[in-house]
Every structure is written in structure tokens, then in C-alpha cells.
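As C-alpha cells, the structure follows; a few thoughts come after it.
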Amino acid sequence: MSDEPRTNAEIADLFTLFGFWTSRGVDISLDTLLTTLRKHHVSTAATITTTAIFSDFVLGNRQTIAACRNNPNLVPIATLDPRRHLAWEDALQQAIQQGCWLFALFPETQGWWADEHSLRTLAQAILDAGAALMVEASQQGGPGRAAAASADAAHPDKQVILTGVNYRNLGEALS
């Protein structure tokens, strides 16, 4: 087999991030992300800044959208955080108006995964807006919580993408 990439194959990465990940001491600048995507012949990547996950989701969503506007091979992932009760509904509408159609929720990383009411509220609002939804589900019980939060008779055709599934909860995710 040749080491040359197939020129007719398109590679898309559904979940990338850029920024500084404090707890891991990792700095993934936007330039580093773009260089890595080119190196591995990834034509399209959905991405989010770490600012949106770890600090301020409103500012982070703006940063993500701006980065994607300047780089047409990037697709913005927006997020919401229920710990900021007064801002998430406006942030959802702003992101939708600016062209975001993909949202990710980080209940485990942000420490609110046991709050099933918040997860259900955010999941339903995102699905009601017509956007696609990814939910972090790496811990035991995460896939079940994500499924329960997104189950709604009004959206029986909507699928939720689980991120972080691993060997410890693969059986739960598959069921």
C-alpha cells in the first residue's frame, strides 16, 4: 500500500478544539489545529474553543464562530452552560442566528452531569431550535442520561451524538 493519501477521499473530524486546556497543561492554538488538520488531510473539522468549555461559553462561542468564519474548512460547535442561568437562552439564539447548527454539552467536564433537569432543558432547547446535539458521556451512566435528556415525542427523529464513550460504558451506550 502507498503512504500517499487517497485524493478522492474526504476526511471530516466531528470534534476538535483549540485553546489552552489548563488541567492538562496543553496549548492547542488555532494555528496548531489548522496545521494538524492539513498534515492529516482533514478537509473539514467541527471545532470549539476551550474558552467556551472551561471559562465563558458566551465569549467562547463568539471566538469559535469568528475562527470558523476566517477558516472555511472549520464548522463551529457552540455550547451552553446551565450554571449561568441568565445567559444560556440568549446565547442559544445568538449562535443559531450566526449559523451554528451543532451544539455540544459538557456536563461531566463542567461538573453538572448529575443535574438531569438542566441536561434535559438544554437538550430540548437545542433540538427545538433545529440544531444537532453532542453530549459528553464518558462516565458510567452518561449515555443513559444523554438518551433520557434528549428523548422527546416532539423530536422522535433527532439523534444525539455521544462523545467520550469508552470501554467502561460502551455496553450502556450501545443499549
>> Given (1) surrounded by fewer than 21 Cβ atoms within 10 Å (Cβ to Cβ); (2) in a helix (DSSP H, G or I), identify the lone condition not met by LEU119.
In response: (1)
>> Kindly evaluate ILE77 against the criterion of being in contact with a Ser or Thr (Cβ under 7 Å, 6 or more places away or on another chain) and β-branched (Val, Ile, Thr).
In response: yes
> How about the stretch 133-148: which of its residues are among the small types (Gly, Ala, Ser) and in contact with a helix residue (DSSP H, G or I) (Cβ under 8 Å, 6 or more places away or on another chain)?
Replying inline: ALA137, SER138, GLY141, GLY142, GLY144, ALA146, ALA148
>> If the requirement is being in a loop (DSSP other than H, G, I, E, B), open to solvent by less than 50 Å² (accessible area, probe 1.4 Å) and modelled with pLDDT of 90 or more, which of these qualifies: VAL58, VAL42, VAL75?
In response: VAL42
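Does ALA154 meet the test of being in a helix (DSSP H, G or I), modelled with pLDDT under 85 and over 13 Å from the mean Cα position of the chain (by Cα)? Explain how you work it out, then say what you get.
Numbers: in a helix (DSSP H, G or I): no; modelled with pLDDT under 85: yes; over 13 Å from the mean Cα position of the chain (by Cα): yes.
So ALA154 fails the test.
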> Condition test on ILE96, is it closer than 18 Å to ALA129 by Cβ, surrounded by 15 or more Cβ atoms within 10 Å (Cβ to Cβ) and either among the hydrophobic types (A, V, I, L, M, F, W, C) or modelled with pLDDT under 95 (or both)?
Replying inline: yes
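The values are calculated or read from the model by the stated rules, or taken from the named source; none is laboratory data. Values in this document were obtained by computation on a predicted structure and should not be read as measured data. Here Cβ is always computed from backbone atoms with ideal geometry, including for glycine, and neighbour counts include all displayed protein chains. The protein model used for the area step is the full one, side chains on, heavy atoms only, and it has no ligands, DNA or RNA in it. Shrake-Rupley method; radii C 1.70, N 1.55, O 1.52, S 1.80 Å.
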